[in-house]
Amino acid sequence: MHPADDDAPFPRSEMLRSCVHYRDGRRVADLSLEAISEALAVDDGSFVWVGLYEPDAALLAKVQEEFGLHPLAVEDALKAHQRPKVEAYGDALFIVLHTAQASETLEIGFGETHVFFGPRYLVTVRHGPSLPYAAARERCEQQPALLALGPGFGLYAVLDQVVDHYFPMVEQYRRELERIEAELFDGHFKRETVRRLYDLKRDVTRMRLAVSPLGDVLGQLARLYPSLVRPELKVYLRDVNDHVLRVTEATDTLREMLSAAMSVNLALVAAEQGEVVKRLAGWAALLAVPTLFASWYGMNFESMPEFKERYGYPVLIGVLVVVCGLLYWKLRKARWL
């Protein structure tokens with residue numbers, strides 16, 4: 001074990017998830033990192049598929065030594081926080097993918113997968129939330145005729161798993177939006193609803209930024225690197241690209257619906273405030289009539305004719321009731337009360 005492994009955030013067994021040697025589409029053996037050079041010493045068309053999870057500098061340095069990886073690509077894989085891209089270093093490629101994974105609390109986390117892809121190797125480096133690629137390897141091993149084409153078919157399986165895993169996330173976002181829409185029209189304004197709309201739109205935007213660049217990555221793989229991506233694999237890359245377009249369209253639709261929901265929420269809040277103001281104005285108008293009478297008769301006048309009439313006070317009360325009743329009827333008819 002490398003001496004720096006004692007200071008690693010994970011044991012090497014946790015960071016090195018798999019290291020498998022393949023020949024003619026068949027699994028030859030599980031290897032240690034030190035045995036990779038010997039396995040690839042003979043030019044027999046075999047390749048090695050390595051899976052890493054948040055490796056430290058020492059482990060990446062060992063992988064770099066075994067495969068001859070470019071130091072700039074290794075530096076990017078160590079630091080993470082890269083945009084989706086594909087970069088060529090000699091006869092090898094460095095590919096960055098963004099991944100998504102739902103937790104047990106249904107919160108979605110975003111991570112990264114960095115791929116080193118060469119004529120005789122495929123190295124995946126996962127950072128943050130993402131599913132392991134054991135399922136992709138098993139899928140490839142069930143199709144030895146295609147896996148015999150080299151690590152390009154393994155790369156396709158990784159890309160396909162990353163993109164297909166976005167579909168459940170999109171469906172989860174859609175169901176959450178439907179629940180929020182039902183709450184918008186229940187007649188009660190909730191600050192929590194606005195926060196959920198904002199959080200949902202932020203996550204959908206992050207997914208859009210993660211998925212949309214993959215179309216360009218797939219296009220470059222299919223057009224620019226015929227020595228690495230065999231012609232037989234281009235139809236599979238087109239299938240992944242079709243899935244990318246579907247996810248991109250779905251996220252665009254969700255973003256538009258979320259923007260509309262936020263606008264509707266603001267409009268409903270403004271309308272509700274308008275209704276409250278109308279009711280307050282209506283009651284203020286009703287209160288203005290007795291206030292006027294009270295202020296009129298509250299003045300210190302002695303020569304007001306009503307004071308000497310026997311039924312002046314009851315008549316005044318009756319007039320006040322009639323005026324208030326007519327005003328109340330008018331306001332109710334105008335839906336201000």
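A few comments on the model shown:
- Number of residues in region 53-96 that are open to solvent by 30 Å² or more (accessible area, probe 1.4 Å), part of a strand (DSSP E or B) and within 12 Å of PHE117 (Cβ to Cβ): the value is 3.
- Of the residues examined, PHE110 is not one that is at negative phi and in contact with a Phe, Trp or Tyr (Cβ under 7 Å, 6 or more places away or on another chain).
- Within region 227-265, the set of residues being of a type in the set (S, T, N, Q), in a helix (DSSP H, G or I) and under 30 Å from LEU147 (Cβ atoms) comprises ASN241, THR248.
- Candidate set from region 184-217 (those that are within 16 Å of THR253 (Cα to Cα) and basic (Lys, Arg)); member that is surrounded by the most Cβ atoms within 10 Å (Cβ to Cβ): LYS201
- Residues of region 19-50 that turn out to be part of a loop (DSSP other than H, G, I, E, B) and open to solvent by 30 Å² or more (accessible area, probe 1.4 Å), as a count: 9
- Test result for GLU306, of a type in the set (Asp, Glu), assigned to a helix (DSSP H, G or I) and at pLDDT 75 or above: no
- Filtering GLU171, GLU181, GLU112 for residues that are touching a residue at least 24 places away in the same chain (Cβ under 8 Å), in a helix (DSSP H, G or I) and either in contact with a Gly (Cβ under 8 Å, 6 or more places away or on another chain) or open to solvent by 10 Å² or more (accessible area, probe 1.4 Å) (or both) leaves a single hit, GLU181.
- Only residues that are farther than 18 Å from ALA267 by Cα and touching a Ser or Thr at 6+ places or on another chain (Cβ under 6 Å) were counted in region 162-211, giving 5.
- The number of residues in region 134-168 that are touching a helix residue (DSSP H, G or I) at 6+ places or on another chain (Cβ under 9 Å), farther than 20 Å from HIS98 by Cα and in a helix (DSSP H, G or I) comes to 5.
- In region 22-33, the residues that are of a type in the set (Val, Ile, Thr) form Cβ pairs under 6 Å with partners that are in a strand (DSSP E or B), at six or more places apart or across chains, as follows: VAL28/HIS21.
The values are calculated or read from the model by the stated rules, or taken from the named source; none is laboratory data. Quantities reported herein were computed from a predicted structural model and do not represent experimental measurements. Reconstructed Cβ throughout: ideal geometry from the backbone, glycine too, with neighbour counts over all protein chains shown. Note: areas computed on protein heavy atoms with side chains; ligands, DNA, RNA excluded. Shrake-Rupley method; radii C 1.70, N 1.55, O 1.52, S 1.80 Å.
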